[in-house]
Structure formats: C-alpha cells, structure tokens
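Here, each number is a calculation from the coordinates, and none is a lab measurement. Because the structure is a prediction, the values reported are computed rather than measured. Methodologically, a virtual Cβ is constructed for each residue, glycine included, from the backbone with ideal geometry; neighbour enumeration extends over all protein chains shown.
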Amino acid sequence: MTYDLSTNLLAAVVFAILGVVIFVVAFIIVDKLTPGDLWHDIIRDRNTAMAIVMAGIAIGLSIIIAAAIH
C-alpha cells in the first residue's frame, strides 16, 4: 500500500512539474508571436482587452496540456 501511494504521489508531482514547464514554454512562444511588447501593453498601458485575450489563451493552453497529460 505504501509503495502504491509513494508511486502515485511521485507520478503526480512529475506530471505537475511537466505540465507547468510545458505551459511556461507555450506561453513564452505565444508572447514572442504576439506583435509588440505584451507585458508593456498589459502592465504599463493597462490594456484590459489584451489581458483578457492572454487569460483566454492561458486557460486554453492549460486545458490542452491537462488533456494531453491525462
């Protein structure tokens, strides 16, 4: 029983780290493909529309990564 629990816990941690790494890499790729300076537009210019679009992209990427890992 302890073996199964430790194996499952290790697998969950590995897949969680893998998912976060894939998400960060995909988000950086989307940031590079976006024309202009994304963070400047969102933070300094307070562009709410750009922030909402990037939030949607982040949620979409998360769903795709979760489905691929599952």
Practice task
For ASP31, indicate whether it is surrounded by 11 or more Cβ atoms within 10 Å (Cβ to Cβ) and acidic (Asp, Glu).
Solution key: yes
Flagged in the range 31-70 as of a type in the set (D, E, K, R) and in a helix (DSSP H, G or I), in numbering order, are ASP31, LYS32, ASP41, ARG44
